[in-house]
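**Student:** Before anything else, here's the structure in question.
Each reported figure results from applying straightforward, stated rules to the coordinates on display, with no laboratory input. Since the structure is predicted, the reported quantities are computational estimates derived from the model, not experimental observations. In this analysis, Cβ positions are derived from the backbone assuming ideal geometry, glycine residues included, and neighbour counts consider all displayed protein chains.
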Amino acid sequence: MEILPNLSRRDFIKTSALVAGGLVIAFVVPGVRRFALAAPPAANKLPAPNAFLRVGNDGVITVLLAHSEMGQGVWTALPMLIAEELDADWSKIKVEHAPASTLYAHTAYGMQMTGGSSSTWSEFDRYRQIGALARTLLVQAAAQRFGVDAAACRTENGKVIAGAQHASYGELAELAATLPVPENVTLKNPKDWKIIGKPTKRLDTPEKITGRAQFGIDVQFPGLLTAVVARAPVFGAKVKAFDARKANLVPGVVNVVQVPSGVAVIAEHFWAAKLGRDALQIEWEQPANAPVDSVTLREQYHKLAETPGTAAAQTGDAISALKTASKILDVEYAVPYLAHAPMEPLNCTVRVSTDKCEIWTGTQFQGMDQQIAAQLTGFKPEQVEIHTTFLGGGFGRRANPAADFVTEAVQVAQAAKAAVKTVWSREDDIHGGYYRPAYLHRARIRMGANGKPVAWHHTIVGQSIVAGTVLEGMLVKNGIDATSVEGVADSPYIKSVADHRVDLHSPKNSVPVLWWRSVGHSHTAFVMETLIDELAHVAGKDPVAYRRDFLKKHPRHLGVLNLVAKKSGWGTSLPAGRARGVAVHESFGSFVAEVAEVSVEKGQIRVHRVVCAIDCGVAVNPETIVAQMESGIAFGLSAGLFSALHFKDGRVQEANFNDYRVLRLNEMPKVEVHIVASSAKSGGVGEVGVPPIAPAVANAVAALTGKRLRELPLTLPS
Amino acid sequence: MVSLLVNGKKKDVTLDPSTPLLWVLRDHLGLIGTKFGCGIAQCGACTVHVDGVARRSCVTPVSEVADKSITTIEGLSADGSHPVQRAWAELDVVQCGYCQSGQIMSAAALLAATPNPSDADIDTALNGNICRCGTYQRVRAAVHRAAKLNKVD
Ligand code: FES
Ligand code: FES
């Protein structure tokens, strides 16, 4: 049993006189920056959705999500937490995205946002507490009505029952709303959970299979115009002059305006705006810095990796230990820039009026977007209303500390003095920056007589994703951006080596970069898990057995490794022409191991089957966890086998899905997911399936062909 | 002016006849279930049926489909009860959902032509539908499931 300590009354905000009566609960977790409620607003002034939970007189339970649904399943998992404690009737649950408000600040990060695979664990207490609070009030209401003691009441499936008397939550909602807020609530013992841990189907399916789901790009209202923006072909270039005459001739074009990012063509609908944009003639002022070129960049990174960087981890003296060694493994790895390419191209709708700025968009970063829109419009943050729609994928692209697509859309609306939806084409998205940075790793390793590394010097070169952003001060410590080295600096393999050092170089250039699903782990797991596999090979050991030896004191790594070995039939024979590869990696508080079964057909790597084991602590919705592993594996295979951005003369060479290749249905392996039963604190799920897949495939390819591929996307020499 | 037959209803639209059907559906007729993903027939998000055959509406000039029968996701069934939609719900296929109108329309067209598709048939019919969320395994299973539901109906 958990009892919440010291909940003061002002931690709960409860009001009754709202939407069709009923009980409304807003809730602020103690210790998190509080919603500025100097004086509680008059009940009828509180905006209706400004709460976490509404129990309507009709019995409908509306759950407001502090996090954005972008496919990862929070639309279902967070309501499960509330419904568990509330003993709600699951068929009566309705879900809405919450508005932007500090009320919905992330319980760990202090700002309303969705990212870092954190939604479920960070809301695990808050959403359960809300459910428990509502249940307590409803029970008290029932006790009053029945004339019995609250202790004589029990709750079940949306009803309070006492002996022969019973009442539905809907019937009790109004009375419950008048009762004093309890000082504390008691949460269920995990053994009594009925909903948490039960595979539960998504609540957003009905609208998503009928085309009714509203994404940002679908926002429509009378008078709304559409903008398509011509942005700089080279990062940092500025508009010198432009000629809009031809654009203005396109039927439907109503305005052409300059904004800091380029020139926006505003039209009655998308197609006219796009034709208008394509008809613009723009002279760009080239930036002073040298244009980025992928070949040059690779050479520059290669050279940097030969020089000392900033130490991110260090024990003993790896450099001296390697100097005197005669035989060392000296290898270099490289991964390219990647676009997130969410299926829904970026877009944002803005209407600025005299007293507020309204924004409709699929965003992962309401907290930041609201601040920035407030600065741009001169409003207070509360005057910036954000309506979060469904996100057609995020993968980190819609969580930008620079709020690029929101900023630009506000500027377009301001310049046009109209309500405008700014829509990006796919080409705009691929060319639009905020990529996963290109990275280069160099590892120099000396093996001991026992077949294990005794000295390891690891150097990572690549842009910091937070340098120059408002997050830099928070996330860069002693010159190290932790997201650049996560998965290496804290690797159980490296840490077991007596003399080791991890160096980081964070060179700068004009390419805007950002987190991309699994962040640093998207490259570090590839490097570490293929390296350890290579060391196993050098030592003449089985790759699973070799890893086990390092992971003796890491039971959760070991647990998923052993499970995946068993379920994949590790060590059993395969048809000729096939081989298995394994990888295990910790990220976002979860542990994932994957075994890939591959063949090579006409020089092409084909992945036939992937077996995945995950330990994410308490599994709130196993159905979602399985789906997210399938999703992470597919996403990681896109990067592992196909996707790369190349720069020439500062321009990205790829433009759309024809040359920025992602995984397609015929390339999807059969995926089997096994969840380790655990009562540990929940870890992340949305990103953690990604890191192990590329190395598992690379290791399988090495087992099959003897070739160690050290670059992504994996390509066999022809 | 172009006359269209969309989901069984006649619609007249006045616009440049080279406008892609996708934008006519979305911006002129308010049928937003059909999605824009690439604009160059690479992703399948914009898939609709033209006389029962799957077509990429982003590269189909509206003039080409005048007086042909167009079905969008909104017209596939009134209430999500098409066997493909039921199979999708049963297998919890969707994630972000953005590609799913296109996946469902491609699957429905496949099943109309090939009631018992093999995995290879599904690969051919649906590998033009990109899903960045990676729902492919469930898409494949759901097409098989829909084929079974079709028979029961
Ligand atoms: S939008 Fe038509 S195929 Fe991508
Ligand atoms: S469900 Fe997100 S792109 Fe397919």
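**Student:** Please give, to one decimal in nm, the separation of the simple spin-label points placed at A:Lys356 and A:His302, each 7 Å out from Cα toward the Cβ.
**Tutor:** Label-label distance for A:Lys356 and A:His302, simple model: 5.8 nm.
**Student:** Now for a separate question. Could you tally the net charge around A:Trp456, taking each other residue with its Cβ under 11 Å from the Cβ of A:Trp456, Lys/Arg +1 and Asp/Glu -1?
**Tutor:** Numbers: positive: A:Arg444, A:Arg446, A:Lys452, A:Lys495, A:Arg501; negative: A:Asp499.
Taking every Cβ under 11 Å from that of A:Trp456, the sum is +4.
**Student:** Provide the packing ranking of A:366-377, A:68-79, i.e. peptides ordered by the mean count of other C-beta atoms within 10 Å per residue, highest first. Each step should come with its number before you reach the end.
**Tutor:** Values: A:366-377: 22.2, A:68-79: 27.5.
Descending mean neighbour count gives A:68-79, A:366-377.
**Student:** Kirkwood Rh, Cα Rg: Rg to Rh for chain B?
**Tutor:** Working: Rg = 14.9 Å, Rh = 15.4 Å.
With Rh from the inverse mean 1/r over Cα pairs, Rg/Rh is 0.97.
**Student:** Along the charge dipole of chain B, which of B:Val139, B:Gln103, B:Leu25 sits closest to the positive end, that is, farthest toward it, with unit charges on the beta carbon of Lys, Arg, Asp and Glu (+1, +1, -1, -1)?
**Tutor:** Of the listed residues, the answer is B:Val139.
**Student:** If I model a spin label as a point 7 Å beyond the Cα along the Cα-Cβ vector, how far apart are those points for A:Ser573 and A:Asp317 in nm?
**Tutor:** Rounded to a tenth, the inter-label distance reads 5.3 nm.
**Student:** Another question, if that's okay. Hey, got the average number of other protein chain Cβ atoms within 10 angstrom for residues in A:388-394? Could you put the intermediate results ahead of the total?
**Tutor:** Working: counts 0, 0, 3, 3, 11, 8, 2.
Whole-number average of other-chain Cβ neighbours for A:388-394 is 4.
**Student:** I'd like the mean, over residues of B:13-21, of how many other protein chain beta carbons sit within 10 Å of each residue's own Cβ.
**Tutor:** Taking the mean over all residues of the peptide, I get 3.
**Student:** Semi-axes of the equivalent ellipsoid of the protein assembly as shown: what are they in whole Å, largest first, if each equals the square root of 5 times a C-alpha gyration tensor eigenvalue?
**Tutor:** Numbers: eigenvalues 334, 263, 170 Å².
In descending order the semi-axes read 41, 36, 29 Å.
**Student:** A further question follows. Suppose only helical runs count, i.e. DSSP H with n ≥ 4. What mean residue ellipticity at 222 nm does that imply for chain A under -39500 (n - 2.57) per run, divided by all residues and rounded to the nearest 500 deg cm²/dmol? List each step's numbers first, then the result.
**Tutor:** Details: 19 runs with 202 residues, N = 718.
Calculated from helices alone, the mean residue ellipticity at 222 nm is -8500 deg cm²/dmol.
**Student:** With Cβ to Cβ distances under 9 Å as the rule, what net charge do the other residues near A:Pro692 carry (K, R +1; D, E -1)?
**Tutor:** On the way: positive: none; negative: A:Glu529, A:Glu594.
My count for the surroundings of A:Pro692 gives -2.
**Student:** Kindly identify the stretch A:561-718 as rounded, prolate or oblate by the Cα gyration tensor criterion: order the square roots of the eigenvalues as a ≥ b ≥ c, call it rounded if a/c is under 1.5, otherwise compare a/b with b/c, prolate if a/b is larger, else oblate. Before the final figure, lay out each step's value.
**Tutor:** Numbers: a/c = 2.18, a/b = 1.30, b/c = 1.67.
Oblate is the answer for the stretch A:561-718, as a/c is 1.5 or above yet b/c matches or exceeds a/b.
**Student:** Here's another thing I want to ask about it. Compute the convex hull volume of the Cα atoms of the stretch B:2-76, divide it by the residue count, and report the result per residue in Å³ as a whole number.
**Tutor:** Values: hull volume 5.5 nm³, N = 75.
Enclosed volume per residue, from the Cα hull, is 73 Å³.
**Student:** Hey, another quick one. Output the peptides B:8-19, A:379-390, A:648-659 sorted from most to least packed, where packing is the average of other Cβ atoms within 10 Å over each peptide's residues.
**Tutor:** Numbers: B:8-19: 13.3, A:379-390: 19.2, A:648-659: 16.9.
Packing order, densest peptide first, comes out as A:379-390, A:648-659, B:8-19.
**Student:** What net charge do the residues around A:Lys356 carry, taking every other residue with its C-beta under 12 Å from that of A:Lys356, with Lys and Arg at +1 and Asp and Glu at -1? Could the numbers behind the result be given before it?
**Tutor:** Working: positive: A:Arg351, A:Lys380; negative: A:Asp355, A:Glu358, A:Glu382, A:Glu385.
Result for the local shell: -2.
**Student:** At R0 = 22 Å, how high is the FRET efficiency between B:Ala66 and A:Gln214 if r is their beta carbon distance? Nearest 0.05 is fine. Display every interim value, and only then the final one.
**Tutor:** On the way: r = 29 Å, r/R0 = 1.34.
Between B:Ala66 and A:Gln214 the formula returns 0.15.
**Student:** Now for a separate question. Residue by residue through A:664-675, how many Cβ atoms from other chains fall within 10 Å of the Cβ on average? The partial results should precede the final answer.
**Tutor:** Details: counts 11, 20, 10, 3, 10, 2, 2, 4, 1, 0, 0, 0.
Mean number of neighbouring Cβ atoms from other chains: 5.
**Student:** Would you list, by chain and number, the lysines whose Cα falls below 17 Å from the Cα of A:Lys380, excluding same-chain residues fewer than 8 positions away?
**Tutor:** Leaving aside lysines fewer than 8 places away in the same chain, those within reach of A:Lys380 are A:Lys356.
**Student:** Full-extension gain between A:Ala545 and A:Asp649, please, as 0.36 nm times their residue separation minus the C-alpha to C-alpha distance.
**Tutor:** Working: separation 104, 0.36 × 104 = 37.44 nm, distance 4.76 nm.
Contour length minus Cα-Cα distance gives 32.7 nm.
**Student:** Out of the trypsin sites (Lys or Arg not before Pro) in the stretch A:544-609, which ones are loop residues according to DSSP with at most 13 other C-beta atoms within 10 Å? Kindly include the intermediate steps, with their values, before the conclusion.
**Tutor:** Values: sites: A:Arg547, A:Arg548, A:Lys552, A:Lys553, A:Arg556, A:Lys566, A:Lys567, A:Arg578, A:Arg580, A:Lys602, A:Arg606, A:Arg609; in loops: A:Lys552, A:Lys553, A:Arg578, A:Lys602.
Passing sites in the stretch A:544-609 are A:Lys552, A:Lys553, A:Lys602.
**Student:** Working from the alpha-carbon coordinates of the stretch A:67-119, get Rg over Rh, Rh being the Kirkwood radius.
**Tutor:** Details: Rg = 11.9 Å, Rh = 12.2 Å.
Rg/Rh: 0.98.
**Student:** So, one more: Students often get this wrong, so check it: of A:Lys417/B:Lys35; A:Lys495/A:Lys648; A:Lys201/B:Lys148; A:Lys246/A:Lys508; A:Lys194/B:Lys151, which have C-alpha atoms separated by over 30 Å?
**Tutor:** Going by Cα-Cα distance, A:Lys495/A:Lys648; A:Lys246/A:Lys508; A:Lys194/B:Lys151 fall outside the 30 Å limit.
**Student:** Quick check: residue separation of A:Ala108 and A:Ala498 times 0.36 nm, minus the Cα distance between them. What number comes out in nm?
**Tutor:** Values: separation 390, 0.36 × 390 = 140.40 nm, distance 3.47 nm.
Extending this stretch completely gives an extra 136.9 nm.
**Student:** For the stretch A:86-125 and the stretch B:46-103, what is the separation of their C-alpha centers, rounded to whole Å?
**Tutor:** 32 Å
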